[in-house]
Amino acid sequence: MTDIVWLMWGTVFAAAAFVTYGLLTYYGNRRTVKARFKKSLYPSKPGMRREGSENPYKKGFLEWISSLGKFVLKDQKELSKTRNALIQAGFRNPKGPAIYFGIRALTAFSLPLPYLLVTAMKGRVEMAHLLVSILLVGVGFYLPQYILKAITRRRQKRIEMALPDILDLFIVCMEAGMSLQATVNRVTEEIRPISKDLYNEMQLTNAELRTGIKREVVLRNLGERTGVQDVKSLMALMIQSEKMGTCIAQSLRTHASFMRVQRGQKAEEIAAKLPVKIMIPMIFFIFPSILVVVLGPAIIQITKSPLFTH
């Protein structure tokens, strides 16, 4: 009788376990299918965002900042120059120049404000305080410009570091018989984990090629957007090769070997500058420490000698 009871309990437990496993598998598969279906309906493309996904507070803040900078955007030449600088730094907002000058105006007024408040709380505001405030206004106005240049240099440095890998991928695809647009498509997908900056630029290049813009204009735009001299030289080489009807793959391979030689020469130049650059820290920091360690005990012994004690 006891064996029959245990057999019944085991059968019930096994049935419940199988039913639970089946339900979990069923609902798990349905959840996966729904996620795939939703992803197919709303594909997430890099650089694109669905309407309503932007933070309203951030949007309102950017609108307010851009309203501060609209008064400076009267000079079209300066506007075009600022837009190119922002694009080379990776900022492609249509209101980018207005936001940039708005930030400069905001930092120019907000940087001297704490200093003026502290001096006013002390109860005395002198001419020197006003001069310092004017200096802080100038620092606050030009500080975003230097930050933008630093961001641009870092981005260009990342592009330069990833360019040899991209060039090798171009050579492989071209030698395999692929066209320029097919090569751009393939390389764009391959470089995504290597360089996000070049991935975004190549996506824009691919979009321009699909819209029917001339290849010469598209390649030149790629070089201008990055602002990197190596990329500009590479794009000029591809344009010239296409105009002359020569093999682009062979031209790219020659350019790749030239870039390797150029990088070696640049590394040798940096190594040659190191002895000159290290002289200042050696003179002001290393040599005094060595002198203290070497001559310190001798000076102590000399001061303890009878000649100095009497």
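Applying 1/(1 + (r/R0)^6) with R0 = 45 Å to the Cβ-Cβ distance of Phe109 and Glu269 gives a FRET efficiency near 0.55. Computed as a quarter of the hull surface, the mean projected area of the alpha carbon convex hull for the stretch 156-274 stands at 7.4 nm². What the Cβ-Cβ distance of Val172 and Phe91 gives, at R0 = 25 Å and to the nearest 0.05, is a FRET efficiency of 0.15.
Shown in residue order for the stretch 250-257 are the 3J(HN,Hα) couplings computed by the Karplus curve 6.51 cos²θ - 1.76 cosθ + 1.60 at θ = phi - 60°: 5, 5, 5, 5, 5, 5, 5, 5 Hz (x for Gly and Pro).
A simple spin-label model places pseudo-atoms 7 Å from Cα toward Cβ; at Gln301 and Gln229 they are separated by 5.7 nm.
Each peptide in 271-277, 97-103, 205-211, 232-238 gets a packing score, the mean of other Cβ atoms within 10 Å over its residues, and the list from highest to lowest is 97-103, 232-238, 205-211, 271-277.
You can think of it this way: the chain between Ser80 and Ser133 has 15.9 nm of extra reach, that is 0.36 nm per residue less the Cα-Cα gap. Maximal additional length on extending the Ala120-Arg192 stretch stands at 20.5 nm, based on 0.36 nm per residue less the C-alpha distance.
Quick note: the coordinates plus some simple rules give every number you see, no bench work behind them. Nothing here was measured: the structure is a model prediction, and the numbers come from that model. Cβ coordinates were reconstructed from backbone atoms using ideal geometry, including for glycine residues, and neighbour counts include every protein chain displayed.
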